[in-house]
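Visitor: Before I ask anything, here is the structure I am working with.
Nothing in this text is a laboratory measurement; each read-out follows from the coordinates by a stated rule. Remember, it's a predicted structure, so these values are computed and weren't measured experimentally. Positions of Cβ are backbone-derived with ideal geometry, glycine not excepted, and every protein chain shown enters the neighbour counts.
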Amino acid sequence: MTDMRTPLSKVRGLGSAREGTGHFWAQRLTAIANIPLILFFLGFLISLNGADYATVRVAMANPFVALMFLLMLVSGLYHMRLGMQVIVEDYIHAEGGKLALLILNTFFSIAVGVASVYALIKLAFGG
């Protein structure tokens, strides 16, 4: 007996969506990537505590700093989207509400990402 599904589940065709492992690894890898990126971000904030706008803008114009911030934004927002997706899928049982929240989750992540990248580019290239 290699198949542990019930006859009803065989008829309905409900089985694994085969996405769980990829989702699991994406969430773990972004979590690992976020550790040094957030530490860099916190160190940057602490080092510029009390600095004026011009000093912060000059520091943000450094390509390494801008790239680290961009990586932090992309990794952090993707990690956030994956985490919220798991929460919605686990705790929202109405299919319509679940679909709506998953769509809103994606759109929210994109909107925050676009606004953040725009602000980063504006600071890095002088706006």
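Visitor: For a bin width of 10 Å, list the pair-distance distribution of the chain built from all Cα-Cα distances, rounded to whole %.
Guide: Result, from short to long distances: 11, 30, 27, 17, 10, 4, 2, 0 percent.
Visitor: If you stretched the chain out fully between residue 121 and residue 39, how much longer would it get, using 0.36 nm times the residue separation minus the C-alpha to C-alpha distance?
Guide: Length gained between residue 121 and residue 39: 27.4 nm.
Visitor: Just tell me, in residue order, which DSSP H segments of the chain are both 18 angstrom or longer along the helix axis (alpha-carbon based) and at least 0.0 in mean Kyte-Doolittle hydropathy. It would help to have the intermediate numbers written out before the result.
Guide: Values: long enough: 20-47 (40 Å, 1.18); 63-91 (42 Å, 1.21); 95-124 (43 Å, 1.46).
The qualifying helices are 20-47, 63-91, 95-124.
Visitor: Just how far, in whole angstrom, is the stretch 101-116 from the stretch 73-92 if you go by their alpha carbon centroids?
Guide: 11 Å
Visitor: A further question follows. Based solely on its DSSP helices, what 222 nm [θ] is calculated for the chain when runs of n ≥ 4 H residues each add -39,500 (n - 2.57) and the sum is averaged over all residues, nearest 500 deg cm²/dmol?
Guide: Numbers: 5 runs with 101 residues, N = 127.
So the calculated ellipticity at 222 nm is -27500 deg cm²/dmol.
Visitor: Oh, and also: Would you work out which of 103, 80, 20 lies farthest towards the positive end of the dipole of the chain, given +1 charges on the beta-carbon of Lys and Arg and -1 on that of Asp and Glu, about the Cα centre?
Guide: Toward the positive end, the furthest listed residue is 20.
Visitor: Another question, then. Kindly rank 41-54, 24-37, 94-107, 72-85 from highest to lowest mean number of other beta carbons found within 10 Å of each residue.
Guide: Values: 41-54: 10.0, 24-37: 14.1, 94-107: 12.4, 72-85: 18.1.
Descending packing order for the listed peptides: 72-85, 24-37, 94-107, 41-54.
Visitor: Roughly how many debye, to the nearest 20, is the charge dipole of the stretch 40-124 about its Cα centre, given +1 on each Lys and Arg Cβ, -1 on each Asp and Glu Cβ, and no other charges? Show your work: numbers first, answer last.
Guide: On the way: 4 positive and 4 negative charges, 53 e Å.
It comes to approximately 260 debye.
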